[in-house]
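Enquirer: Pasting a structure here, questions to come.
The values are calculated or read from the model by the stated rules, or taken from the named source; none is laboratory data. Since we're looking at a predicted model, the values are computed, not measured. For neighbour counting, all protein chains shown are included, and Cβ atoms are generated from backbone atoms with ideal geometry for every residue, glycine included. These area figures cover heavy atoms from the full protein model, side chains too; ligands, DNA and RNA do not enter into them. Shrake-Rupley method; radii C 1.70, N 1.55, O 1.52, S 1.80 Å.
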Amino acid sequence: ERTIMPEVLARFSPQEVGNTMWAYAKLGITNPKLMNAVAEHAMQKHIANGFNSQNIANTAWAFAKTGVQHLRLLDVLANSTMRPDME
């Protein structure tokens, strides 16, 4: 529950978003409340614009692996892959 607290999520960098989502999914932990809270954080422009290809892949994979749907986040992640600075 602590991870979901806004003051904790506010400190998550794009890498921490991807790593956290990947870790939960890798461990087989499905926590829709956490994932939705992290998704809302990840969709903020300053976070979404900081994603690199690995952060995007980890985050998208975690949602696919756990079966938690968040279509707006997937749209943000897809758009992030089209940034000129994306490798």
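Enquirer: In segment 50-79, how many residues are more than 11 Å from the chain's Cα centre (by Cα) and aliphatic (A, V, I, L, M)?
Expert: 4
Enquirer: Out of everything in segment 64-78 that is in a helix (DSSP H, G or I) and in contact (Cβ under 8 Å) with a residue 12 or more places away in the chain, what residue ends up being surrounded by the most Cβ atoms within 10 Å (Cβ to Cβ)? Give the steps one after another, and end with the answer.
Expert: Quick first cut of segment 64-78, residues in a helix (DSSP H, G or I) only: 64-66, 71-78.
Adding the requirement that they be in contact (Cβ under 8 Å) with a residue 12 or more places away in the chain leaves 65-66, 72-74, 76-77.
On the way: K65: 15, T66: 17, R72: 10, L73: 23, L74: 15, V76: 21, L77: 21.
Among those residues, the one meeting the criterion is L73.
Enquirer: In segment 41-63, which residues are loosely packed, with under 15 Cβ neighbours inside 10 Å and either within 20 Å of I4 (Cα to Cα) or among the basic types (K, R) (or both)?
Expert: Passing the criteria: Q44, K45, H46.
Enquirer: Do any residues in segment 16-43 that are in contact (Cβ under 8 Å) with a residue 12 or more places away in the chain have Cβ atoms under 6 Å from those of residues that are open to solvent by 40 Å² or more (accessible area, probe 1.4 Å) and basic (K, R), where the two are at least six apart or on different chains, and which pairs are they?
Expert: Sorted first by the residue in segment 16-43, then by its partner, the pairs are A25/K65.
Enquirer: Among the numbered criteria (1) modelled with pLDDT under 95; (2) not in a helix (DSSP H, G or I); (3) not hydroxyl-bearing (S, T, Y), which one does G28 miss?
Expert: With (1) modelled with pLDDT under 95; (2) not in a helix (DSSP H, G or I); (3) not hydroxyl-bearing (S, T, Y) applied to G28, the lone miss is (1).
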